[in-house]
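First up is the structure itself, then whatever we jot down about it.
None of the figures in this text is laboratory data; all of them are computed from the coordinates on show. Here the structure is a predicted model, which is why all the values come from computation and not from measurement. FYI the Cβ positions are ideal-geometry reconstructions off the backbone, even for glycines, and counts take in every protein chain you see.
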Amino acid sequence: MSQYDVIIIGAGPGGYVSAVRCAQLGLKTAIVEGRETLGGTCLNVGCIPSKALLHATHMLHEAEHNFASMGLTGKSPSVDWKQMLTYKDEVIGQNTGGVEFLMKKNKIDWLKGWATIPAEGKVTVGDTTYETKNIVIASGSVPSSLPGVEVDNDKGGLVVDSTGALELGKIPKKMVVIGAGVIGLELGSVYARLGSEVTVVEYMDAVCPGMDKDVQRTFKRILEKQGLNFVMGAAVSGVETTKTKAKVSYALKKAPDATETIDADVVLVATGRKPYAEGLGLDALGVKLTERGQIATDAHWATNVPGIYAIGDVIEGPMLAHKAEDEGMAVADVIAGNHGHVNYGVIPGVVYTTPEVATVGQTEDALKAAGHKIKVGKFSFMGNGRAKAVGQADGFVKLIADKETDRVLGAAIIGPAAGDMIHEICVAMEFGASAQDIALTCHAHPTYSEAVREAALACGDGPIHA
Ligand code: FAD
């Protein structure tokens with residue numbers, strides 16, 4: 001019987017990153033994965049395939065809407081959907097293959113199959129039970145369901161979740177997306193660019209709950225300009241299907257007694273994700289869960305059962321790949337006897353639409369509600385030469401700093417490459433920088449990042465280009 005220092009259950013971004021770090025720290029490590037390929041939700045049915053489709057359809061949008069004004073004329077491309085899906089699958093394959101290479105390079109054993117934990121210090125996969133000093137559960141999450149709505153992801157299915165939406169049999173004429181969160185808006189954008197008439201039905205009164213109101217408003221306005229329709233404040237009560245069509249029923253919160261309907265060729269249920277820990281045997285082991293069904297951990301990612309840790313989507317916190325990765329590295333350090341660290345106050349969130357939307361730290365609305373005295377520096381991309389040169393001047397950078405100390409507390413960016421630009425602010429926050437520190441830093445011209453500096457200047461004596 002093999003004896004390991006660590007067995008990690010689940011090879012998503014939390015699990016495989018943790019495995020690499022454990023191996024680097026000299027621990028004898030194995031990873032268990034039930035899927036055919038490594039990389040978890042993120043690489044197989046999440047971050048990576050959605051970004052491949054967003055990229056391909058963004059190219060199409062540029063060709064159809066923006067090429068002519070730049071003097072690029074001629075026939076615009078037509079869509080070969082099958083080839084677009086092949087492109088997406090190839091991107092997945094390159095990435096999952098890359099993780100397999102990393103496992104081999106770091107001498108990590110991949111135990112293929114679904115794991116259970118029969119007792120402390122033991123993991124069973126198939127007919128074999130392995131002994132281990134430590135177990136890290138990184139079993140991730142799955143799409144959450146909606147009462148009255150049955151998901152059918154088979155090709156040709158009319159009601160799908162995000163996994164089904166990444167491989168639809170054909171491009172629907174009409175799509176209804178239930179939920180205006182990150183996943184719904186990204187995938188809704190993909191199909192809107194492909195020519196589908198997309199209607200997003202959302203229970204809340206704003207898109208992307210948790211963001212500042214001005215960010216939500218600007219983002220929704222930009223998406224509407226791109227052709228997405230929104231029904232806000234609407235509670236979906238059910239979806240009826242015939243062989244080829246679906247009908248979504250909902251009631252507006254302001255008129256709860258009147259049932260409205262919308263027809264669709266495909267309905268995408270994007271109402272969030274829930275932690276996944278089926279089949280691990282946690283009940284019998286006495287592993288404590290939170291009220292929301294997540295595995296409860298302490299500040300060192302330890303569960304209440306000695307030698308069992310948990311990280312990523314299956315525990316509390318934002319369901320994001322980079323949060324899972326950070327926890328994966330940190331728990332490896334804890335197991336190796338070092339100090340593991342994750343700064344939960346500085347975890348960026350990005351929506352990969354065009355333009356991108358990126359946020360980090362605290363929001364203006366939350367800080368004001370808490371009575372915190374703040375300054376807000378805002379700068380529109382209309383004043384940024386580079387954004388104008390590429391026709392993407394819609395949006396802004398907003399920097400929030402403490403009124404007295406000038407310390408940066410949070411930021412939001414709607415604009416080109418926002419998901420990359422946000423990291424300048426993350427680093428500033430990690431170093432406890434002030435808005436003035438950013439304002440005094442020379443920024444190359446012409447870059448989108450100059451808008452970050454201008455927002456920092458707006459926290460002080462004022463921006464130059466506004
Ligand atoms: P997962 O990636 O879910 O991996 C868990 C793995 O564990 C799975 O492969 C599963 O098969 C395996 N497993 C579970 N139980 C067992 C068992 N008993 N035995 C063996 N194996 C088991 N996040 C971002 O940060 N950026 C994005 O752009 C982004 N886009 C997304 C787009 C979509 C459409 C979706 C669905 C998600 C997206 N996410 C994004 C979220 C991101 O995918 C997750 O936050 C991330 O994958 C969580 O990582 P994890 O390691 O905790 O779990």
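Taking the average, over residues, of other Cβ atoms within 10 Å as the packing measure, peptides 397-404, 432-439 rank 397-404, 432-439 from highest down.
Sparse packing (at most 15 other Cβ atoms within 10 Å of the Cβ) combined with a DSSP loop state is found for the following trypsin sites (Lys or Arg not before Pro) in the stretch 140-194: K155, K170, K173. With a cut-off of 13 Å between beta carbons, the residues surrounding G121 carry a summed charge of -1, where Lys and Arg count +1 and Asp and Glu -1.
Taking every DSSP beta bridge that has both ends in the chain, the antiparallel portion is near 60%.
Global dimensions of the stretch 359-412 from alpha-carbon coordinates: Rg and Dmax equal 13.2, 40 Å.
Taking a quarter of the surface of the Cα convex hull of the stretch 317-411 gives a mean projected area of 8.5 nm².
Over all pairs of different C-alpha atoms, the chain has a mean inverse distance whose reciprocal, the Kirkwood radius, equals 23.9 Å.
Using the Cβ of Y352 as centre and a radius below 12 Å, the other residues enclosed give a net charge of -2, where K and R count +1 and D and E count -1.
Charge tally around K253: other residues with Cβ under 15 Å, Lys/Arg +1 each, Asp/Glu -1 each, net -3. Here the stretch 10-156 yields Rg over Rh of 1.13, to two decimals, using C-alpha coordinates and the Kirkwood radius. Within the same chain, lysines fewer than 8 places from K288 are excluded, and of the rest, those with a Cα less than 23 Å from its Cα are K122, K133, K274, K323. Separation of the stretch 188-239 and the stretch 368-392 by C-alpha centroid, Å? Here the answer is 22 Å between Cα centres.
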